[in-house]
Every structure is written in structure tokens, then in C-alpha cells.
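J.: Next up is a structure, given as C-alpha cells.
The values are calculated or read from the model by the stated rules, or taken from the named source; none is laboratory data. What you see is a predicted model, and the numbers here were worked out from it, not measured in a lab. For neighbour counting, all protein chains shown are included, and Cβ atoms are generated from backbone atoms with ideal geometry for every residue, glycine included. These accessible areas exclude ligands, DNA and RNA; they are computed on the full protein's heavy atoms, side chains included. Shrake-Rupley method; radii C 1.70, N 1.55, O 1.52, S 1.80 Å.
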Amino acid sequence: MTIPNDKKEQLFNSLKQANSAFNQIYPGDRSDRQPVHTLYGGANLFKSDAALALGARALEILQTYAPNHEVFGSVFGFSDPKFSQRIYDKVVAKLKTEAVEDYRIDFEDGYGNRSNEEEDQTAQTTARELAKGMREGTLSPFVGIRIKPFTEEMKERGLRTLDIFVSTLVKETGGKLPENFVVMLPKVTIPEQPQTLAHFFAILEQELGLASGVLKMEMMVETTQAIMAIDGTNPLYKFIQAAQGRCIAMHFGTYDYTASCSITAKYQEMDHPVCDFAHHMTKVALAHTGIWLSDGATNTMPIGPHRGDLTPEQEEENRQVVHRAWKKGYDHIRHSLWNGYYQGWDLNPAQFAMRYAAVYAFFLESYDDAVERLKTFVDKAARATLIGDVFDDAATGQGLLNYFLRALNSGAITEEEVLATGLTLDEIRGRSFKKILENRMAK
């Protein structure tokens with residue numbers, strides 16, 4: 001080489017520092033499980049066994065309006081009876097075992113503005129119910145609360161509710177928090193709001209004897225200012241920095257955001273172009289930072305208009321209303337998945353069937369093709385490496401790895417079905433197609 005070793009080392013030392021700084025900002029996607037949905041329920045309605053009760057209700061609704069896979073498949077347009085049966089069976093099993101993956105006890109829009117005395121009491125009551133759920137093992141795998149925003153009008157109420165809730169919970173449990181507990185901060189517009197929450201977390205941890213850093217937060221993208229600041233930049237990563245390592249996810253508030261864009265109520269839908277723009281901006285701003293992204297909810301509820309003793313005509317009308325709402329929500333969820341948003345919101349147990357149908361169908365309809373493509377791709381890449389050919393399409397392999405990781409995470413496929421690719425679970429979870437090839441070439 002022309003360059004002397006000492007000068008090369010000088011060049012690379014400087015580059016190493018820059019590369020290391022970049023890798024700290026962009027560590028890549030996290031390998032731990034991300035829920036496919038978050039259910040929001042008013043804090044006044046929360047009970048320790050809410051996840052179980054809602055699962056039973058979701059199964060009852062499914063069996064009422066889609067008693068078999070033929071009806072179920074016709075709602076969502078599944079043309080293959082075997083595929084329809086497979087999706088239906090998986091949805092039924094999911095509703096029986098883990099219908100709710102993530103539950104957010106809502107003190108904001110789902111609870112409304114009530115007297116301070118009432119919200120104080122609700123914060124205590126729900127904390128005790130959450131503690132009871134911990135003792136009895138009835139909670140969803142992920143759980144948390146949404147407080148009111150840290151605007152000037154609401155900051156005192158939001159902080160007070162969080163203080164009462166966490167203090168009561170810790171007292172009831174002897175210093176423990178539920179697994180995967182998180183606090184959601186809505187309507188974030190400036191970095192100082194998550195920064196204040198992070199500082200308050202530190203105070204709570206110290207005062208209550210909790211481990212430092214155990215309290216985590218999520219934030220919500222609900223305003224145009226969260227997508228584009230006054231200086232023309234996207235502020236989302238500044239929000240993450242302000243959270244001081246405590247933010248794990250960014251959720252999209254469909255209806256607040258569309259309202260902030262002056263979209264009229266009739267057209268405030270998840271697949272509106274203004275939402276797509278916000279999704280793309282958020283994804284570009286936070287890609288590879290390890291922050292989970294979640295889409296919002298469909299607000300058309302699959303609930304029939306008639307109650308009580310029904311005539312055949314009323315039963316049919318209910319069925320049509322539910323089926324239309326299921327298909328609409330299904331299409332919205334598929335749109336989110338297509339855009340790379342693998343989590344979303346549900347607002348009612350009647351929506352669970354469409355949620356899991358959309359997620360499972362999205363992944364399973366391409367499973368056989370993905371298995372064959374990945375097998376072939378690894379083999380061709382290995383042979384190209386062996387003979388010294390240029391092989392520069394690793395992004396295709398990475399995309400296939402991402403498919404299997406997301407499909408496994410969602411429950412659409414099992415670990416055994418992942419192994420059909422010829423790769424190990426460790427190789428898949430390692431998320432690096434480059435390392436897979438390097439390790440296989442070394443053997």
C-alpha cells in the first residue's frame with residue numbers, strides 16, 4: 001500500500017470515532033417482542049381481569065358474526081378455503097389465549113375531563129386493580145397508562161395522576177411494577193415536555209425506591225408541529241433525546257393529527273394521504289434508532305345497531321354492519337402493515353378479530369414464497385462469495401429476514417415454521433444477512 005501505516009491509523013482513528021457515534025444513535029431495531037396492538041380503555045372502566053373479560057367478549061362476537069371460516073373468509077375476501085380455515089383457527093386460538101397484547105389505561109381522551117377529586121380517586125382505584133392483576137396473573141403481557149398532556153392547561157393534572165397512580169401501585173405491590181409497564185405522554189409538541197416527564201420519573205424512582213431507569217415512556221405524534229417544526233426540521237429525534245433514554249415507542253394519533261391538518265370529520269381515516277405523509281416522516285426520522293412505531297385506530301366500530309330480542313331482519317342488519325366495519329378496519333390495518341407499521345390501536349373487543357385476521361393474513365399469504373426465496377438467496381449468495389463474484393444485493397436478503405422476524409413476533413408463524421428456511425433462530429434474530437454469510441463461509 002502507498003499510505004504509511006501510521007497515517008492510515010490516524011485516518012481510521014478519526015473515522016472510528018465518527019462511526020461509533022453513528023452506531024450509538026442508530027443501533028438498529030430491537031430484538032425483543034413488540035405487541036401488534038394496543039387496546040385503549042377509559043381508566044374508569046379498568047379492572048384487574050379486563051384482558052380476560054375482553055378476550056371472552058371478542059370470542060363471543062366472532063362466534064356470533066362469523067361462526068365458521070366460510071363466513072369469516074367471505075368478510076375479508078379470502079378465496080382459498082384452506083387459507084381461510086387456517087386464519088380463522090389462528091384467530092380463535094389467539095382470542096382464547098391472549099386476546100389483548102397491550103392495554104393502555106387511559107386518563108386522556110378515553111376518560112375525559114372530570115373533577116380533580118374523581119380523577120384522584122380513579123388513579124388510586126386503577127392502581128390497586130393493576131396490582132391485583134399482577135398478583136392473580138390476569139394482566140396482558142404489556143400494560144401502561146396514558147396521562148394528560150404536558151401542556152400549560154393540563155400539565156398539573158397529568159403529573160398529579162401519574163404521581164398518585166405509581167405511588168399507589170408501588171405501595172400495593174411492595175415496590176414492583178408490572179412487566180413491560182409504560183407511561184404514554186400524548187400530544188407532544190416540544191422537547192421540554194418529554195424532558196419534564198423524564199425528570200419526574202427520576203424523582204419518582206428516588207422517592208419510591210425504584211431502580212433507576214425502570215420507568216419508561218411512549219410519546220404520541222398528534223400534531224403537525226411534531227412532524228415539522230417552525231425551522232423546517234423534523235423534531236422527533238429531539239423528542240427522543242429529551243426523554244434521556246426512557247422512550248421506547250412513538251404512537252400515531254390518527255384523529256387529532258387529521259384534525260390538526262384541517263381534515264373534515266368524514267375523511268379522518270387512517271389511510272388518508274396526510275397520515276401517510278406523517279408515517280413516512282416518522283419512519284425516516286426514527287428508523288434504526290430502536291424506537292417502536294405504532295399506527296392509530298379505526299374508529300368505525302363493528303357493533304350492530306340493534307339490541308335485545310331481534311327479528312331476522314335486525315339480525316341481518318347487525319351482521320352487515322359488523323362485517324362492513326371489520327372489512328374497513330382490516331383494510332386499514334393492511335395499509336399500516338404495507339407501510340411498515342406493525343402495531344396499531346384497538347378501541348373495542350369487537351375489533352380484535354379483524355386485527356388478528358389482518359396481521360396473520362398479511363404474513364401467511366407470502367410465507368411459502370418467502371421460505372423458498374430465502375433458502376435460494378442464501379445458497380446463491382454463498383456460492384457467489386465462494387467464487388469471488390460481486391454480490392451486492394444483501395438488502396433483498398435483509399428484507400426477507402425482516403419478514404420472518406415480524407411474522408414470528410406477531411404470532412403469524414411458529415418457531416418451527418421459521419426453521420423451514422434452513423436458518424437458525426439465532427441467525428434470524430441476529431438481523432444481519434451479512435453476518436449469516438460470514439459465519440457460514442467460516443465453517
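J.: Where Lys and Arg each count +1 and Asp and Glu each count -1, what net charge lies around residue 422 among other residues with Cβ under 9 Å from its Cβ?
T.: Working: positive: 375; negative: 379.
Surrounding charge for residue 422 is 0.
J.: Ignoring ligands, DNA and RNA, please state the percent of accessible area on the chain from carbon and sulfur, probe 1.4 Å.
T.: Details: 11110 of 21390 Å².
Solvent-exposed carbon and sulfur of the chain make up 52 percent of the total.
J.: Now for a separate question. How big is the Cα convex hull of the range 248-321 in projection, averaged over all directions, in nm²?
T.: Numbers: hull surface 28.3 nm².
Its Cα hull, projected and averaged over all orientations, spans 7.1 nm².
J.: May I pose another question? Evaluate E = 1/(1 + (r/R0)^6) for residue 97 and residue 320, where r is the Cβ-Cβ distance and R0 equals 25 Å; express this FRET efficiency to the nearest 0.05.
T.: On the way: r = 30 Å, r/R0 = 1.19.
Using R0 = 25 Å, I get an efficiency of 0.25.
J.: Tell me what the chain gives for mean residue ellipticity at 222 nm when only DSSP H runs of n ≥ 4 count, each as -39,500 (n - 2.57), the sum divided by the residue total, rounded to 500 deg cm²/dmol.
T.: Details: 17 runs with 244 residues, N = 443.
Result for the chain: -18000 deg cm²/dmol, rounded to the nearest 500.
J.: Measure out, as a whole number of angstrom, how far apart the alpha-carbon centroids of the range 291-307 and the range 69-140 sit.
T.: 12 Å
J.: Shifting gears a bit: How much net charge surrounds residue 172 when only the other residues with a Cβ under 14 Å from the Cβ of residue 172 are counted, with Lys and Arg +1 and Asp and Glu -1? List each step's numbers first, then the result.
T.: Working: positive: 128, 132, 135, 171, 176; negative: 129, 136.
Within the 14 Å Cβ shell, the charges total +3.
J.: For a Förster distance of 35 Å, can you work out the FRET efficiency between the beta-carbons of residue 9 and residue 380, rounded to the nearest 0.05?
T.: Numbers: r = 37 Å, r/R0 = 1.06.
Using R0 = 35 Å, I get an efficiency of 0.40.
J.: Just order 311-324, 330-343, 230-243 by mean Cβ neighbour count inside 10 Å, highest at the front, would you?
T.: 330-343, 230-243, 311-324
J.: Something else now. For residue 212 paired with residue 228, estimate the spin-label separation in nm (one decimal), with each label point 7 Å from Cα along the Cα-to-Cβ line.
T.: The modelled label-to-label distance comes out at 4.2 nm.
J.: For the peptides 109-119, 49-59, what is the packing order when you average, over each peptide's residues, the other Cβ atoms within 10 Å and list the highest mean first? Mind showing how you got there, number by number?
T.: Working: 109-119: 13.7, 49-59: 19.1.
Result, highest mean Cβ count within 10 Å first: 49-59, 109-119.
J.: From the C-alpha gyration tensor of the range 279-390, pull out the three semi-axes of the equivalent ellipsoid (sqrt of 5λ each), sorted largest to smallest, in whole Å. The partial results should precede the final answer.
T.: Values: eigenvalues 353, 73, 14 Å².
Square roots of five times the eigenvalues give 42, 19, 8 Å.
J.: Return the aspartates and glutamates within reach of residue 238: Cα separation strictly under 12 angstrom, same-chain partners fewer than 8 residues apart disregarded; answer none if there are no such residues.
T.: Output for residue 238: 192.
J.: Measuring with a 1.4 Å probe in the full set of protein chains, what accessible area per residue, in whole Å², belongs to the chain?
T.: About 48 Å² of surface per residue is accessible.
J.: Let me ask you something else. Per residue and in cubic angstrom, what volume does the convex hull of the Cα atoms of the chain have?
T.: Values: hull volume 85.6 nm³, N = 443.
Measuring per residue, one finds 193 Å³ for the Cα hull of the chain.
J.: Where Lys and Arg each count +1 and Asp and Glu each count -1, what net charge lies around residue 91 among other residues with Cβ under 13 Å from its Cβ? Provide the component values of the computation, followed by the final result.
T.: Details: positive: 86, 90, 94, 96, 355; negative: 89, 98.
My count for the surroundings of residue 91 gives +3.
J.: Here is a follow-up. Under 23 Å from the Cα of residue 435, which lysines turn up, not counting those fewer than eight places away in the same chain?
T.: Counting by Cα, and skipping residues close in sequence, residue 435 has these lysines nearby: 16, 375, 380, 443.
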